[in-house]
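The values are calculated or read from the model by the stated rules, or taken from the named source; none is laboratory data. These numbers were taken from a predicted model, which means no experiment stands behind them. Every residue, glycine among them, receives a Cβ derived from its backbone with ideal geometry; neighbour counts consider all protein chains shown.
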Amino acid sequence: MQNSGISENIARWSVILLCALLPFFFIPVAWASIAGAKMLLAIILTVTATLAWAIGSFNSGTLRVPKSLLLMAGALIPIAYLISALATGASRVSLIGSVEQDTVVAVVIWYALLLVSANVLAVEAQRTTTALRAFLAGGAVLMLMQFLHILFPAITFGGVLVGSAVSAIGNWHDLGIFSALTLFFSLALLSSAAADNRLWRFLCIGVAVASIVLLIIVNFGDVWLGLGGLALFFAAYVWGASRAEGAPVSLQPSRTALWWLALGVLTVGMYWAGSFIRNVLPEPLRVTQLEVRPSWQGTFTIGQQVFTQPRSVFFGSGPNTFTREWSLYKPLSVNGTEFWNTDFYFGIGFIPTSVVTVGIVGLLAWLAVILALLLSVGRAFRMRGVRTGAAMVRGALAAGALFLTVFHILYIPGPALSALTFVVFGLLIAAELSSGLVRDLSVSLSFSTWKGRVAAIVLCVFAILVLFTGVQSARALISDMLVNRAVTVYNTANDLAGASRSIAGAVAIDSQNDRARVAAVEVGLLQLAKLVASNDTSEAARAQLQSTLTQTIEHGLAAVSIESRNYQNWLALARLYGELAGVGVEGAEANARAAYQQAQKDNPTSPLPLLGLAQLDLLGKNDAAARDHLLTALTLKPDLAAAHFLLSQIYARANDLQKALDSAAAVAQLVPEDPLGWYNLGTILYAGEDYQNAALALERAAGIQNDYANALFLLGLSYAKLDRDAEALSVLKAAAALNPTDAALGTIIANISAGRDPFAGLSAPK
């Protein structure tokens with residue numbers, strides 16, 4: 001029994017610790033994402049709590065599970081996800097993914113958190129209150145961190161809070177949802193006897209004030225409405241319960257209800273004042289609320305395409321596959337926006353996305369959860385004794401659970417909010433169980449009866465499943481973090497060796513991480529370029545070159561093998577083979593073409609595969625085929641600057657200067673900050689003997705990049721053609737300083753100085 005008590009304490013405090021740490025927990029390094037860190041924390045503590053609870057159950061010889069509709073409905077979610085994954089091929093992206101919470105392993109972890117929370121916190125009502133207090137304490141730390149960063153932007157907590165779109169819990173919208181929840185819970189505790197001492201009343205008041213300030217700063221319209229709904233719900237709850245108690249002579253419950261009603265009206269008013277707040281606060285506070293996701297229509301459009309297959313109606317496209325379906329079915333009109341090359345992993349909301357990816361089985365599972373929540377809300381209204389702390393907490397938990405579920409319909413919460421949602425589900429069940437609203441199912445784990453044997457087996461399987469999913473998910477997360485570290489190391493320190501070591505570690509930890517494999521391809525290409533540039537012809541250098549080449553190809557092939565429906569993996573493989581084709585590797589061009597064609601098949605509205613095919617055509621000196629591919633790419637995205645650039649060169653080689661000029665002008669207009677575009681335009685104008693406009697274009701190129709030797713050279717020649725010899729000599733001397741070994745340039749300068757033709761004694765450029 002003692003061991004049982006220890007196990008139960010470990011399970012209970014793991015859940016409470018999760019409530020306290022999850023809001024503000026982070027790993028203080030720039031490459032460890034906030035979402036990944038919180039997901040890792042949730043996995044570790046959930047697995048710990050689950051194993052401790054299972055061990056405690058075996059030690060006590062009894063399995064106790066609440067007879068809760070919400071608990072049973074919640075179990076339908078991982079079941080639906082698993083059925084969908086198996087029915088659609090059980091790919092890694094559906095089963096494990098990386099940081100996404102739309103995978104089988106993620107929902108298994110979430111349900112384990114729900115189940116264990118409901119069991120270990122239901123022994124006595126005080127435990128539920130303790131968990132809420134831990135949640136508010138963690139919220140207080142989060143808010144302190146956030147205010148420090150807002151007031152002193154240099155405080156980034158190890159590079160974690162960098163940029164105006166990041167908060168300590170995720171993005172700013174996540175912070176808004178969290179702040180609304182903390183405000184609601186803190187006021188609900190203040191309205192009851194749960195905040196029964198000065199310390200906790202002070203904490204509740206402080207958190208409430210800080211939450212209001214953050215809500216104003218974030219100014220998320222949907223959150224204002226959601227908080228208003230919570231307040232109005234609680235006003236009705238307090239008022240109705242006070243009437244049911246038959247105590248109209250007591251003004252306290254009614255007065256409390258009026259305060260909640262006032263808060264509801266105020267928050268709805270804040271929604272209408274949102275535009276004013278937005279114009280006043282965000283800029284000075286460096287708050288960026290930009291969040292891009294498909295609309296309801298865009299989500300339904302993808303769903304309609306997925307459901308054209310009868311099987312997909314029931315099972316969807318598979319968990320965590322929305323980005324794949326988005327690439328396949330996204331509207332062509334998206335290419336006219338700045339998000340044309342953005343891969344959306346979710347639709348408008350978490351639950352609508354689940355309907356697309358998990359189908360009818362997913363929809364039914366979530367509907368069951370929502371129905372169970374509504375029944376809990378109904379029970380809260382029917383119960384007497386609202387003045388008690390337990391009743392107030394129970395009502396607050398029912399409303400909070402419904403609030404978080406609604407935002408899973410309207411929005412894509414980060415891992416922290418998803419984990420907290422299932423914790424609140426568990427707290428609600430625990431509160432109902434401790435108050436007698438639901439009963440406890442108790443089953444002996446004795447192997448002397450068939451029920452005991454079944455219960456023991458089920459408990460063992462569940463614990464092993466949670467452990468297995470936790471380990472797999474943690475491996476994927478750590479592998480992904482190492483990929484991020486590689487990117488950070490290379491971008492900040494240009495440390496290719498350090499980046500390579502991080503990628504090797506990522507692959508070693510999780511060899512099935514296709515993102516790590518793609519990153520290995522990119523690092524491999526950089527290593528190959530460095531080895532070739534060294535001009536080292538030694539045997540050791542050749543061996544290293546061959547080894548790097550072989551490993552890079554293996555990584556590229558592994559990426560498409562792991563996730564064959566991800567067009568990005570095919571593009572990475574195509575770029576690799578394209579580089580090899582450029583140095584004459586046999587068979588590389590054919591492999592590159594095949595990879596680009598597969599990428600185009602998986603993302604038919606993307607112009608990038610067509611652009612890659614055109615580059616291969618140019619490599620093979622097939623200008624006609626390249627032109628056709630580029631023109632097709634421009635039908636998909638008319639403002640694709642790279643396609644216009646290559647077309648200008650093709651037309652120039654064909655001596656069709658007008659078309660070349662049109663394409664070059666398009667590049668300069670689309671990317672006016674790119675000196676290459678202006679230089680390209682200048683060369684075509686010069687070839688057409690329009691020296692005046694050529695000089696203007698080349699001036700732009702040299703103005704953007706003052707050490708652009710080729711632009712300075714041609715600008716000097718343009719000045720000479722315009723008889724602006726002094727200016728010609730000035731820019732040509734600048735070009736000569738950048739190319740001191742160019743003897744021909746010295747001759748041109750001497751000729752202009754002597755009043756001769758610049759190319760006297762030389763061959764003029766054509």
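Report yes if LEU531 is farther than 28 Å from PHE322 by Cα, part of a helix (DSSP H, G or I) and modelled with pLDDT under 90, otherwise no.
So LEU531 fits the description; yes.
Could you grab me the full set of residues in the range 120-144 that are assigned to a helix (DSSP H, G or I) and touching a strand residue (DSSP E or B) at 6+ places or on another chain (Cβ under 9 Å)?
LEU142
Going by what's in this entry, would LEU630 be described as at pLDDT 95 or above, hydrophobic (A, V, I, L, M, F, W, C) and crowded, with 17+ Cβ neighbours inside 10 Å?
Yes.
Can you pull out every residue in the range 66-93 that is in a loop (DSSP other than H, G, I, E, B) and surrounded by fewer than 17 Cβ atoms within 10 Å (Cβ to Cβ)?
Correct list: LYS67, GLY89, ALA90.
Considering only the range 331-358, how many residues are within 30 Å of ILE370 (Cα to Cα) and part of a loop (DSSP other than H, G, I, E, B)?
Selection size over the range 331-358: 7.
Would the range 446-455 turn up any residue that is touching a residue at least 60 places away in the same chain (Cβ under 8 Å), part of a helix (DSSP H, G or I) and over 25 Å from the mean Cα position of the chain (by Cα)?
For the range 446-455, residues touching a residue at least 60 places away in the same chain (Cβ under 8 Å), part of a helix (DSSP H, G or I) and over 25 Å from the mean Cα position of the chain (by Cα): present.
What's the number of the only condition in (1) at pLDDT below 95; (2) buried (at least 17 other Cβ atoms within 10 Å of the Cβ) that ALA614 fails to meet?
Result: ALA614 passes all but (1).
Can you pull out the residues in the range 538-581 that are among the β-branched types (Val, Ile, Thr) and under 21 Å from the mean Cα position of the chain (by Cα)?
ILE562
Go through (1) modelled with pLDDT under 95; (2) within 30 Å of PHE202 (Cα to Cα); (3) part of a helix (DSSP H, G or I) for LEU114 and report which single condition fails.
(1)
Name the residue that is nearest to ALA168 (Cα to Cα), counting only residues in the range 7-26 that are among the hydrophobic types (A, V, I, L, M, F, W, C) and in contact with a Gly (Cβ under 7 Å, 6 or more places away or on another chain).
Among them, the one singled out is PHE24.
Quick test for you: out of SER500, SER538, SER479, pick the one residue that is without any contact (Cβ under 8 Å) to a residue 12 or more places away in the chain and among the hydroxyl-bearing types (Ser, Thr, Tyr).
Just a single option satisfies the conditions, and that option is SER538.
Can you confirm whether VAL438 is touching a strand residue (DSSP E or B) at 6+ places or on another chain (Cβ under 7 Å), in a loop (DSSP other than H, G, I, E, B), in the same structural domain as GLY61 (by TED's automatic domain parsing) and surrounded by fewer than 24 Cβ atoms within 10 Å (Cβ to Cβ)?
So VAL438 fits the description; yes.
Taking the range 547-561 as the region of interest, how many residues are closer than 20 Å to ARG324 by Cβ and either basic (Lys, Arg) or surrounded by 15 or more Cβ atoms within 10 Å (Cβ to Cβ) (or both)?
Qualifying residue count for the region: 5.
Filter the range 145-186 for residues that are part of a helix (DSSP H, G or I) and either touching a Phe, Trp or Tyr at 6+ places or on another chain (Cβ under 8 Å) or at pLDDT below 80 (or both) and give the result.
The answer is MET145, HIS149, TRP172, HIS173, GLY176, ILE177, ALA180, LEU181, THR182, PHE184, PHE185.
Can you say whether GLN649 is in contact with a helix residue (DSSP H, G or I) (Cβ under 8 Å, 6 or more places away or on another chain), under 25 Å from ALA519 (Cα atoms) and not acidic (Asp, Glu), as far as the supplied structure shows?
Judged against the criteria, GLN649 is not a match.
Of the residues LEU467, LEU459, which single one is modelled with pLDDT of 95 or more, surrounded by fewer than 22 Cβ atoms within 10 Å (Cβ to Cβ) and in a helix (DSSP H, G or I)?
Answer to the selection: LEU467.
Does the range 584-593 include one or more residues that are in a helix (DSSP H, G or I) and free of Cβ contacts under 8 Å to residues at least 12 places away in the same chain?
Yes, the range 584-593 contains at least one residue that is in a helix (DSSP H, G or I) and free of Cβ contacts under 8 Å to residues at least 12 places away in the same chain.
Only helices (runs of 4 or more DSSP H) wholly contained in the range 680-738 count here; list those with 1 or more residues that are among the polar types (S, T, N, Q), outside the structural domain of ALA664 (by TED's automatic domain parsing) and closer than 18 Å to ALA668 by Cβ.
Because the criterion is at least 1 residues that are among the polar types (S, T, N, Q), outside the structural domain of ALA664 (by TED's automatic domain parsing) and closer than 18 Å to ALA668 by Cβ, the helices (runs of 4 or more DSSP H) in the range 680-738 that meet it are 691-704, 709-721.
Take GLN544 and tell me if it is polar (S, T, N, Q), surrounded by fewer than 19 Cβ atoms within 10 Å (Cβ to Cβ) and assigned to a helix (DSSP H, G or I).
yes
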